[in-house]
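Shown next, in structure tokens, is the structure this report addresses.
Just so you know, all these numbers are worked out from the coordinates, no wet-lab data involved. Source: prediction; values computed, not measured. Using ideal geometry, Cβ is built from the backbone for each residue, glycine included, and neighbour counts are taken over all protein chains shown.
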Ligand SMILES: [Zn+2]
């Protein structure tokens, strides 16, 4: 086995090469939402893995292909799976980038590019850790597999069917998730679950075309009003979601979850300062109560609302069409399929049969037991790198395809990574800190060693 010192020495002396490789990967646009550069990025992903002796396959789907790779290691009975994604968010608005999004640039110890944190930097930092293993030992301590998809940023639409179909080949003993990182105090966090999501578009059409509001405002049904009334029926000003049965499957946080939430720093002051929020909804003040509301309450969020004329000045028009994008964040044990059924039933019962629902994406929530042994291994191996073990967070506010991995492959899932609160993921000037990139690779190398010998 390589010593930690020899692994660290390799990583410290080869950082520039890894950053150069990451920069080449980030220079390749791969925007799933715009269908931009997807095939090229999948091929690059596979090539980077082939260079490390992995057998790779680019598995086609009706959307972006999934890259699968495997390489055997010294212990043939242990397999660690890495899940990552090669697609990125759209870079717009371009004018807010200090340097162009697909021209990776190092400034002040940070590398800037679209996708550099979410998720290309995570992927390449895993490869960097494997390089250190291979260089110091000539082999990997256990089998390693990668599943790298190209639709994470648009809801992992085809991933679940690929995992279901290839469950035998993808089989592993544990999974390292695509993201991870430190909080504002540089303390690494272990995120032990993901909320689910049900993302829908609600559409109303009342007449064939927009009409003169003076002639028709008193006699034609207005699509904008229909949609506003339908939306109003979904949630009250008390923030309680009014869809019958919506809360039936909600599993409240356990005592252990609440204990972990109580150990987290109170983000209330930071949210007030950074976002100018004067008060939180539901009368929440801060602390555990705020964490609990942020992570364990399912939500119904209007993400977008469009109808009629919104240009300068006035235009007296009666809109024929109105649409809203609504995202429901789901907690264990809710499911997007059930929420969709309940939403349809609710709208029909409330007299809104004319409101069409188009489901754009759905993912189930997943939550690991807080004291799962693999999670503890990842938590503890962080200590020599970060000077502290990881802090456990029972659930993420965000969503991802974790349920499919957990359900079809039966793997425990742990997070580890290179992100920090200033990474600007999904926003202009996305970046990573090079010091955290190195730490992330040092941590993954230790995870691999400890996992192989556990
Ligand atoms: Zn993302």
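Treating r as the C-beta distance of residue 201 and residue 167 and R0 as 35 Å, the FRET efficiency rounds to 0.65. Sorted from longest to shortest, the spans of the Cα atoms of segment 395-437 along the three principal axes equal 36, 21, 15 Å. Axis of helix 38-50 versus longest Cα principal axis of the chain: the two differ by about 20°, to the nearest ten degrees.
Over segment 184-307, Cα pairs under 8 Å with separation of 6+ residues give a relative contact order of 22 percent. Once you reduce segment 83-142 and segment 282-348 to the center of their Cα atoms, the two points are 33 Å from each other.
Please give the FRET efficiency for residue 316 paired with residue 229, using the beta carbon to beta carbon distance and R0 = 25 Å, rounded to the nearest 0.05.
Working: r = 21 Å, r/R0 = 0.85.
After rounding, the FRET efficiency stands at 0.70.
As a proxy for reagent exposure, ranking 142, 26, 300 by other Cβ atoms within 10 Å from fewest up yields 300, 142, 26. The calculated P(r) of segment 340-416, using every Cα pair and 5 Å bins from 0, goes 3, 12, 17, 14, 13, 10, 9, 7, 6, 5, 3, 1, 0 in percent.
Listing 406, 9 from fewest to most neighbouring C-beta atoms within 10 Å gives 9, 406.
If neighbour count is taken as other Cβ atoms inside 10 Å, put 146, 25, 296 in order from fewest to most. Intermediate values should be presented prior to the final figure.
Working: 146 27, 25 23, 296 20.
Ranking 146, 25, 296 by Cβ neighbours within 10 Å, fewest first, gives 296, 25, 146.
Taking all Cα pairs closer than 8 Å and separated by 6 or more residues, the relative contact order of the chain comes to 25 percent.
Return the inverse of the average 1/r over all pairs of distinct C-alpha atoms in segment 1-160, which is the Kirkwood hydrodynamic radius, in Å to one decimal. Working shown, then result.
Details: mean 1/r = 0.0609 Å⁻¹.
Answer for segment 1-160: a Kirkwood hydrodynamic radius of 16.4 Å.
Each distinct pair of alpha carbons in segment 1-86 adds a 1/r term; the inverse of their mean, the Kirkwood radius, is 15.1 Å. Between the Cα long axis of helix 336-349 and the first principal axis of the chain there is an angle of about 0°, rounded to the nearest 10.
Just want to confirm a number: the relative contact order over segment 294-387, from Cα pairs under 8 angstrom separated by 6+ residues, in percent. All intermediate terms of the calculation are to be shown ahead of the outcome.
On the way: 70 pairs, mean separation 22.8, N = 94.
After rounding, I find 24 percent.
Against the chain, whose longest principal axis comes from its Cα atoms, helix 15-26 is set at around 30 degrees. Each Cα pair of the chain feeds into the Kirkwood radius, which the Stokes-Einstein equation turns, at 25 °C and 0.890 mPa s, into a diffusion coefficient of 104 µm²/s.
Using 0.36 nm per residue, how much length does the chain from residue 20 to residue 288 gain when fully extended, once their Cα-Cα distance is taken away?
Values: separation 268, 0.36 × 268 = 96.48 nm, distance 4.23 nm.
Stretched fully, the residue 20-residue 288 segment lengthens by 92.2 nm.
Fully extending the segment from residue 337 to residue 186, taken as 0.36 nm per residue of separation minus the present Cα-Cα distance, adds 50.5 nm. For segment 165-303, evaluate the Debye formula with one uniform point scatterer on each Cα (no solvent term) and list log10 I(q)/I(0) at q = 0.14, 0.15, 0.17, 0.20 Å⁻¹, rounded to two decimals. Per q value, in the given order, log10 I(q)/I(0) is -0.94, -1.01, -1.15, -1.35. The stretch between residue 251 and residue 238 holds 2.6 nm of extra length on full extension. This uses 0.36 nm per residue minus the Cα-Cα distance.
How large is the convex hull of the C-alpha atoms of segment 164-218 per residue, in Å³? Write down the numbers at each step before the final one.
Working: hull volume 13.6 nm³, N = 55.
So the per-residue hull volume is 247 Å³.
For segment 125-194, the spread of Cα positions along the three principal axes, ordered from largest to smallest, is 38, 36, 21 Å. Please report, to one decimal in angstroms, the Kirkwood hydrodynamic radius of segment 254-393 built from all distinct Cα-Cα pairs. Evaluated over segment 254-393, this radius sits at 19.4 Å.
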